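The values are calculated or read from the model by the stated rules, or taken from the named source; none is laboratory data. As the structure is a computational prediction, the values presented were derived from the model and not from experiment. No Cβ is skipped: glycine too gets one built from the backbone with ideal geometry, and neighbour counts run over all protein chains shown.
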Amino acid sequence: MTQPLTLHPDRLLPDTPSRRAIARELLDGIEALPIYSPHGHVPVEWFDADFRFGNAADLLLTPDHYLLRMLASQGHRYEDLGVSGAGSAGIAAPREAFRTLAANYHLYLGTPSRTWLDHALSSVLSVEQRLSAETADAIFDQVTETVATPEFAPRALLGRFGVRVLSTTDSAVDDLSRHHRLAKELAGQCRVIPTFRPDSVTNPEHPDFARDIARLGEQTGQNLSDWASYLEALRQRRAAFIAAGATATDHGFDTPHTLTLPMADCQTLLDAALSGRATKDQAAQFRAQMLTEMARMSADDGLVMQIHAGSWRNYAPDIQSRFGQDMGYDIPRPLNWAAGLKPMLDELGFHPNLRIILYTLDESGYGRELAPLAGAFPTLRLGAPWWFFDSPAGMARQFDQVVETAGFHNLAGFVDDTRALLSIPARHDVYRRSVAAFLSQQVGEHQMGMQDAHAVARALAVELVQDSYRLNNTNEG
Amino acid sequence: MTQPLTLHPDRLLPDTPSRRAIARELLDGIEALPIYSPHGHVPVEWFDADFRFGNAADLLLTPDHYLLRMLASQGHRYEDLGVSGAGSAGIAAPREAFRTLAANYHLYLGTPSRTWLDHALSSVLSVEQRLSAETADAIFDQVTETVATPEFAPRALLGRFGVRVLSTTDSAVDDLSRHHRLAKELAGQCRVIPTFRPDSVTNPEHPDFARDIARLGEQTGQNLSDWASYLEALRQRRAAFIAAGATATDHGFDTPHTLTLPMADCQTLLDAALSGRATKDQAAQFRAQMLTEMARMSADDGLVMQIHAGSWRNYAPDIQSRFGQDMGYDIPRPLNWAAGLKPMLDELGFHPNLRIILYTLDESGYGRELAPLAGAFPTLRLGAPWWFFDSPAGMARQFDQVVETAGFHNLAGFVDDTRALLSIPARHDVYRRSVAAFLSQQVGEHQMGMQDAHAVARALAVELVQDSYRLNNTNEG
Amino acid sequence: MTQPLTLHPDRLLPDTPSRRAIARELLDGIEALPIYSPHGHVPVEWFDADFRFGNAADLLLTPDHYLLRMLASQGHRYEDLGVSGAGSAGIAAPREAFRTLAANYHLYLGTPSRTWLDHALSSVLSVEQRLSAETADAIFDQVTETVATPEFAPRALLGRFGVRVLSTTDSAVDDLSRHHRLAKELAGQCRVIPTFRPDSVTNPEHPDFARDIARLGEQTGQNLSDWASYLEALRQRRAAFIAAGATATDHGFDTPHTLTLPMADCQTLLDAALSGRATKDQAAQFRAQMLTEMARMSADDGLVMQIHAGSWRNYAPDIQSRFGQDMGYDIPRPLNWAAGLKPMLDELGFHPNLRIILYTLDESGYGRELAPLAGAFPTLRLGAPWWFFDSPAGMARQFDQVVETAGFHNLAGFVDDTRALLSIPARHDVYRRSVAAFLSQQVGEHQMGMQDAHAVARALAVELVQDSYRLNNTNEG
């Protein structure tokens, strides 16, 4: 028996009458505000005028590592989900893979994956039946047809979703011509801007380090074997990103360690890195020094610096060697933010032009390190709950543990951080509902009046992300 | 003034009308389901036909380290609680010890100990007055009389409690004849099965290591000074446990570290262990290698592997030297599950026949390591909140931090993990009420419908533990 | 438009009708109980008969590092807040600084700072308008006038607030004559007693170490270059503190590590410390040994020992060098309480005369270490949520994670830990409301009856702090 798929208007709001009424009123004030999405992973080429999504599985399942790993955790091979790897055999056809997802949809109960997918199916794709073994084929067909139409091209969806700014995440050596073209084609409508993510040229252990260092040299004409010239090359690329609309950089390392080494030591580390024979310790020092260098450059050029720390990338060597990166087997690790950032903060913690947004995979640091740091240093803000914690409960935990120390205005609002374009409205919706839910407690328990709560809700939904990412520092704001 | 002892039918359920109604309905669907208890510490000899409990103190107080340590924390000597140790003098008589418990019963307010004891007194022992200084003697007498009757023999209680499977925890060299006898005597009624817990022959620092290694050699005829033969001896004992009905092993180490050393290094470690001169580091390596060896054997023979990690056993040397082990002074320690398990998971993380259930004493790893691991590796499930966290709040925290990432189906359901036979129904009752309470929020906030919630409730109450521990892999399921 | 400032009578209580009714009834039983404040930082000279507060900024803003750091986190210079440091220029006048606070008062939404300040403004200072840019001047004037009157001298406020005991925190070499005088002048009304905090003579890295060691030698006539005499000098000062009314010591170190070194090693450490050339490791060993020595002396003389651990003092060197200590840039660090305390507990963990109260800045240890330790060792109690966690949510987290294991009676009640005298009633009020809120859940979910809940509420509000700090061990109790 199929069941109707509907989104309850009060989903994720507290269920007692008084709290719900407060939350509902607060949500009414922010639910329809435009979306600012200055961190995410949608590929820029999706916004080409003629780009269309493929079938339902290619759209909804195979690019989503949340969905894949959950099925894997219950014994499904990636090949059965339509994912091909080295030495793979028997790759399931898209329809078959989609059937597996549908038949196992109960696995996602209680997870944000289900919330996001239900939201996308219902409100974006107009699916009216719940996903299940019985409805799999019909939904596969309906979605596949729908997304072939021009109205569902990513470019069109930006307008439909009310997205005003969307940042892609780009390597330091990526070509930015698409961003320049989009700036013209979408002018006045939506800004699709790049983010400078130089990990592949700042982390000697990155798989693309040698290749991208070579490209960086070519692009900039700098002699990258010289430390000062290497930094100059990065400065040039940052300027190119700024010219293409970028307002931020991004840095994804295992730890947030920073160093302020003397130049001679830096040159030694660079020599080791370029030789391909850097030790693990040298590679770690290189990354730590480069976090500081990036902060110095941000203090100069004003690009907001994002640090995403704590991921043990590619924890499962078998998955990585066969299927590549970002396949659901990155595992968080314990972090010490205060110790890690200290060398950099000693130098730059009060710099008036520097802004750093911290994203963590170790929630035990929320109250112990991150709220005290963000609640004291003018350069630091705390980013939205990231990855595994991008959930209603994760948001509630962040508010609970951070606001008491850092208040609301040292938060950086919300970013959806996703490659799944169709889930962008769902993710912002979950955050806005979580904001309303949290504030309804503050109001219900008389810690805050409704007027203040409305203002805080707007700040969290839109204003803080605009301000934190300096999205208004242009004419188009 | 004595007070009546009653168990409110809606205890532990949310107190708002809508949430309570939902929780109540969900609880109605699972409250009376049979009990599956595949991990615990009830001694197998208690199930001899003629076994009777002693007096109320020997039954309820002295074997319960939760109760003992709380009284100790307020300055009561173990001797005053009827516990005798080396050099003890003035051991209180059972009635006297019971009076001390009763007079201090307020210490347990807010703790699961009180919930369990009230439940056992009321629903199992038909006590009608609350425990207090005034009622101590009368309750002591009533309980002592009651448990002398055949209807309150442990064997009879299994039926009364609706226990379908109960696992004891047994050393690798324990005699299994009782389990074989019980398999016949209780056939069709309840399975009392052993669990293979080889710590005393896999941990060189275990107090019984030398003795039990000698026994293991005798039992199996293997030359235990040879690494391959040592492993073969363990394989033989595992087979003997399987023949006696076992479906699982258990491993209780301070950390979950694993290693995959070459055979020559293993032989060196074994030599050191057998010589009694293993260094601390060698002992740790031995344990780490043995976790991997046990996982390899489980992949072969199908025994589910339980890892209980994080206990600093016998933290208080004075208590240990005078009163022995398990007296309430084991203290949790920080864990790094991801780093610890990696060597083993690199080899076996996707093995189709391997299942490992993880139990932790460090809740900070729930969201940071355990949910991401269990939500990705098909071999891993996360066990119920353990020990200090076996409480309504502990269960709520686990659901809150784990389900968003791992869903419900990577949990292993509930085990009561107790030696206190009378508390078994109480412990499962607390878990089922916590399940109903958590799901009532998901339903009340429109994240899940009632039909799904009923299914999840049944899964958590019964199905997941059956499946996780492979309890249905026999004819008697 | 100005808004009225009112304190809702049910603030911080749960907002559902049944829970609020229960909480309200519980709060009624404890709201007006006297205040016992055996740990705090009010300077003793404030209680001189003729002491008057200065203007509103000097009273409310500049001494409060919570308020200062939040403004700093949003880019305000300390100088703009009226705080002068080395090389400062353009120090704002008090009225100007107060205007900055008022104009940024929204930053404190959701933080206890706002709760405390609103409470002080409304219930102590009779301010009737909410603080804002518009009301800043009028409130500045009103407060400045009010606190110039004798009725608002600190000595008078003690009576008005119902404070029965207030402890100051004093260095080992501080003069205690004021405490002796106050004992006479306030006899039968309020005890203002000192606390022995010897960090400046037990931590070789303390900025005042050399100076205070010299003073200690002068005060006691002991030859401090000899280990035994150094300890004897400390014993003498402890006796002097006891004579001045002290019931407790306090120790604030980065970690809770303890050692039990042989005397010769202690002498070596002392030699290094006095030479000013102790290594970092020697300084850490010195502190660890001194925690044990202080515990030994407490076992002898009965002073309750407080350990405040986990603060990375003066994390921002620029702030420290310019503005000094305690300016809002202390950052918590991860702690291992179980490992740290073990050497001392091995020796003294069961000593009948020793009491130690633990305060932590790492909440991840609540359930993992602190509740298991406090729930087993008769010498240990867990202190109230400290510093960043002195908030309604912080209190809820402590109750949630600790009570299930340690019960209520291994908690030490509440201390306000503040220098902000006007906030003392507010802080106790927040705690009492949090107690009522937590217990209302236990009652509403039928884990506890109202009679027990009333008793627990009184214990938490008053009795446990009296007992834990041995405040009744005198005639005046």
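Side notes on the structure shown:
- For A:ARG368: the one exception among (1) more than 9 Å from chain C (Cβ to nearest Cβ); (2) over 19 Å from the mean Cα position of the chain (by Cα); (3) among the basic types (Lys, Arg): (1)
- Listed conditions (1) more than 22 Å from C:ALA437 (Cβ to Cβ); (2) free of Cβ contacts under 8 Å to residues at least 40 places away in the same chain are all met by A:LEU411, apart from (2).
- Taking first residues from the range B:1-23 that are within 9 Å of chain C (Cβ to nearest Cβ) and partners that are exposed (fewer than 14 other Cβ atoms within 10 Å of the Cβ), the Cβ contacts under 8 Å between residues at least 6 apart in sequence or on separate chains come to B:GLN3/C:GLN451.
- Looking across C:LEU13, C:LEU33, one residue alone is in contact with a Lys or Arg (Cβ under 6 Å, 6 or more places away or on another chain), aliphatic (A, V, I, L, M) and either surrounded by fewer than 21 Cβ atoms within 10 Å (Cβ to Cβ) or assigned to a loop (DSSP other than H, G, I, E, B) (or both). It is C:LEU13.
- For the range C:291-308, the candidate set comprises residues that are touching a Pro at 6+ places or on another chain (Cβ under 8 Å) and part of a helix (DSSP H, G or I); within that set, the residue that is farthest from the other protein chains (Cβ to nearest Cβ) is C:MET294.
- Which numbered condition B:THR146 fails, given (1) touching a Phe, Trp or Tyr at 6+ places or on another chain (Cβ under 7 Å); (2) buried (at least 22 other Cβ atoms within 10 Å of the Cβ); (3) over 30 Å from B:ARG197 (Cα atoms): (2)
- Lone unmet requirement of (1) in contact (Cβ under 8 Å) with a residue 60 or more places away in the chain; (2) under 24 Å from B:VAL147 (Cβ atoms); (3) within 10 Å of chain C (Cβ to nearest Cβ) for B:GLU134: (3)
- So A:GLU96, is it under 28 Å from A:VAL462 (Cβ atoms) and out of contact with any Phe, Trp or Tyr (no Cβ under 6 Å at 6 or more places or on another chain): no
- Search result, residues across the range A:309-321 that are touching a residue at least 24 places away in the same chain (Cβ under 8 Å), more than 9 Å from chain B (Cβ to nearest Cβ) and either of a type in the set (Asp, Glu) or assigned to a loop (DSSP other than H, G, I, E, B) (or both): A:ARG313
- The residues listed here are B:GLY217, B:GLY221; of these, the one that is at positive phi and out of contact with any Lys or Arg (no Cβ under 6 Å at 6 or more places or on another chain) is B:GLY221.
- In the set A:GLY365, A:GLY324, A:GLY340, only one residue is in contact (Cβ under 8 Å) with a residue 24 or more places away in the chain and crowded, with 23+ Cβ neighbours inside 10 Å; that residue is A:GLY365.
- Residue within the range C:104-119 that is in contact with an Asp or Glu (Cβ under 6 Å, 6 or more places away or on another chain) and either among the β-branched types (Val, Ile, Thr) or without any contact (Cβ under 8 Å) to a residue 60 or more places away in the chain (or both) present: yes
- Residue in the range A:350-360 that is of a type in the set (Ser, Thr, Tyr), facing another protein chain (nearest Cβ under 7 Å) and buried (at least 24 other Cβ atoms within 10 Å of the Cβ) present: no
- Qualifying residue in the range A:255-276 (condition: touching a strand residue (DSSP E or B) at 6+ places or on another chain (Cβ under 8 Å), buried (at least 22 other Cβ atoms within 10 Å of the Cβ), assigned by TED's automatic domain parsing to the domain that holds A:ASN314 and not hydroxyl-bearing (Ser, Thr, Tyr)): yes
- Within the set A:ASP137, A:ASP174, the sole residue that is surrounded by 20 or more Cβ atoms within 10 Å (Cβ to Cβ) and either acidic (Asp, Glu) or at pLDDT below 95 (or both) turns out to be A:ASP174.
- Verdict on C:LEU131 being assigned to a loop (DSSP other than H, G, I, E, B) and under 30 Å from C:GLU96 (Cβ atoms): yes
- Residues in the range C:432-455 that are facing chain B (nearest Cβ under 8 Å) and in contact with a helix residue (DSSP H, G or I) (Cβ under 6 Å, 6 or more places away or on another chain): C:GLY444, C:MET448.
- Residue within the range B:379-394 that is facing another protein chain (nearest Cβ under 8 Å), farther than 23 Å from B:ASP429 by Cβ and modelled with pLDDT of 95 or more present: yes
- Restricting the range C:296-321 to residues that are among the acidic types (Asp, Glu) and closer than 26 Å to C:ARG237 by Cβ, the residue that is surrounded by the most Cβ atoms within 10 Å (Cβ to Cβ): C:ASP301
- All positions within the range B:322-331 that are hydrophobic (A, V, I, L, M, F, W, C), under 12 Å from B:GLY85 (Cβ atoms) and not in a helix (DSSP H, G or I): B:MET327
- Extreme residue, farthest from C:PHE323 (Cα to Cα), among residues of the range C:74-84 that are of a type outside the set (A, V, I, L, M) and either assigned to a helix (DSSP H, G or I) or within 10 Å of another protein chain (Cβ to nearest Cβ) (or both): C:GLN74
- Which numbered condition B:LEU71 fails, given (1) surrounded by 21 or more Cβ atoms within 10 Å (Cβ to Cβ); (2) without any contact (Cβ under 8 Å) to a residue 40 or more places away in the chain; (3) not in a helix (DSSP H, G or I): (3)
- For the range A:322-347, the set of residues classified as more than 7 Å from every other protein chain (Cβ to nearest Cβ) and polar (S, T, N, Q) consists of A:GLN325 only.
- Residue in the range A:28-50 that is of a type in the set (Gly, Ala, Ser) and under 30 Å from A:HIS446 (Cα atoms) present: yes
- If you go through the range B:107-127 and pick out every residue that is among the hydrophobic types (A, V, I, L, M, F, W, C) and either within 14 Å of another protein chain (Cβ to nearest Cβ) or within 17 Å of C:ALA374 (Cβ to Cβ) (or both), you end up with 4.
- Unmet requirement for C:LEU67, which otherwise passes all of (1) under 23 Å from C:THR146 (Cβ atoms); (2) within 14 Å of chain A (Cβ to nearest Cβ); (3) modelled with pLDDT under 95: (3)
- Residue ID - nearest to B:LEU67 (Cα to Cα), chosen from residues in the range B:85-99 that are more than 27 Å from the chain's Cα centre (by Cα) and not in a loop (DSSP other than H, G, I, E, B): B:ARG99
- The range B:234-249 residues that are in contact (Cβ under 8 Å) with a residue 12 or more places away in the chain, paired with ones that are assigned to a strand (DSSP E or B) and of a type in the set (Phe, Trp, Tyr) (beta carbon under 8 Å, 6 or more apart): B:ARG237/B:PHE196; B:ARG238/B:PHE196; B:PHE241/B:PHE196; B:ALA246/B:PHE196; B:ALA248/B:PHE196; B:THR249/B:PHE196
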